[in-house]
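Report on the following structure.
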Amino acid sequence: MKPNIRMISKLTGYSPATVSNALNRKKGVNKETSDEIFKVANEIGYSNETKISRIRFVIYKRNGSIIDNSPFFSNLLEGVETECREFGYELIISNLDRRSDFYGQRLDEILNDRTTAVIMLGTEAMDEDFESFLNAKCPMVILDSWSTSMNFNGILINNSDSAKNAVEYLIKKGHKEIGYLKGKFRIKAFNARATGYSRALYKHGISMNDQYIVSLNTTMDGAYKDMLLFLNQRPKLPTAFFADNDMIALGAMKALIEKGYRIPEDISLIGFDDLDSCEISTPRLTTIRVFKQEMGQLAVRRLKDVIRDGNGIKSKIQICTEFMERDSVKDLTKKTYGGK
């Protein structure tokens, strides 16, 4: 006989109405009763037959220094909203902040809500953070990150290859002294981009120079201030910098220009993300375009598959990027005459 609410009622001693309310996370059932009902339901293999009609977009924060300060994430959310509308899902947006006193309670509520599927924006999450999500009772997809445990479905950017290609572009333009503008808060995406940076240098026989690696704040204003402090030391500069993202690149660009450096004549710059401001900066920033809305849409489609087919085989989907050649890189291979 297929497990049902009446069977759970007999095994727990609670009324069918109480069991139904607990399984559907409705108010009025205390935590101890709900936990007991879910324990029995799991033991007998009960599957909640309530059709999932809602998707919760969970914005996970370690400190908010990345997510709170970039328009990148509003574009991701726009893609999620568009696809939820297409498939008829109600969208709920929730913040999950590790700094909050209610973090544990909020996490428990999200992971035990069997009526709602979850897209977790994991940009700021580290591997150890994902451990708390292993026992989620709801279908889940991680967006803009991944877990090396391979226990989760993930949609993310092909960070390492994208960064490698950008640095190789600089090398093809004649640059051999290539620095790295490194975000101080190290998210998994930045670490992958750093790997791409070093892969490109190694492939072309260029030694990495620690003097050319500059750690900057991940906000535009913070990167600007940190870059000013660095430049005040009158350091030897490379001919080009690759930056972890556009916010860092644009902040550094402002500081360089303020200190009298010409871009790209004196220093070339490449960012990552292709924010709208890259097209209107002076000079226009060469960068890597991330298909942000499409990533959000794909996360919803992948989650729809998980809801339909179950959470068996996991997939890690890396989204390719597009290199946006603009005005912030100088071609050193072109010979100049007469000092021009």
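The values are calculated or read from the model by the stated rules, or taken from the named source; none is laboratory data. Note that the structure is predicted; figures quoted are calculated from it, not measured. Cβ sites come from the backbone with ideal geometry, for glycine too, and all protein chains shown count toward neighbours.
General observations
- The one condition in (1) small (Gly, Ala, Ser); (2) at pLDDT 90 or above; (3) under 27 Å from Leu303 (Cβ atoms); (4) surrounded by fewer than 19 Cβ atoms within 10 Å (Cβ to Cβ) that Gly79 fails to fulfil: (4)
- Those residues of the range 232-276 which are among the charged types (D, E, K, R), touching a residue at least 60 places away in the same chain (Cβ under 8 Å) and over 17 Å from Ala166 (Cα atoms), in sequence order: Glu265, Asp276
- Test set (1) touching a residue at least 40 places away in the same chain (Cβ under 8 Å); (2) out of contact with any Lys or Arg (no Cβ under 8 Å at 6 or more places or on another chain); (3) surrounded by 17 or more Cβ atoms within 10 Å (Cβ to Cβ) - Ala22 fails condition number: (1)
- For Ser268: the one exception among (1) touching a Gly at 6+ places or on another chain (Cβ under 7 Å); (2) surrounded by 15 or more Cβ atoms within 10 Å (Cβ to Cβ); (3) not assigned by TED's automatic domain parsing to the domain that holds Val141: (1)
- Residues of the range 75-111 classified as in a loop (DSSP other than H, G, I, E, B) and in contact (Cβ under 8 Å) with a residue 12 or more places away in the chain, total: 4
- With respect to (1) buried (at least 18 other Cβ atoms within 10 Å of the Cβ); (2) among the hydrophobic types (A, V, I, L, M, F, W, C); (3) in contact with a Lys or Arg (Cβ under 9 Å, 6 or more places away or on another chain), the lone exception for Phe87 is condition (1).
- Verdict on Ala192 being under 13 Å from the mean Cα position of the chain (by Cα), small (Gly, Ala, Ser), part of a helix (DSSP H, G or I) and crowded, with 17+ Cβ neighbours inside 10 Å: yes
- The range 241-266, residues that are within 22 Å of Val290 (Cβ to Cβ), out of contact with any helix residue (DSSP H, G or I) (no Cβ under 6 Å at 6 or more places or on another chain) and not aromatic (Phe, Trp, Tyr): Asn245, Ala249, Met253
- On the stretch given as the range 96-130, residues that are surrounded by 13 or more Cβ atoms within 10 Å (Cβ to Cβ) and under 23 Å from Ser70 (Cβ atoms) total 16.
- Looking across the range 59-74, the residues that are touching a residue at least 12 places away in the same chain (Cβ under 8 Å) and not aliphatic (A, V, I, L, M) come down to Tyr60, Lys61, Arg62, Asn63, Gly64, Ser65, Asn69, Ser70, Pro71, Phe72, Phe73.
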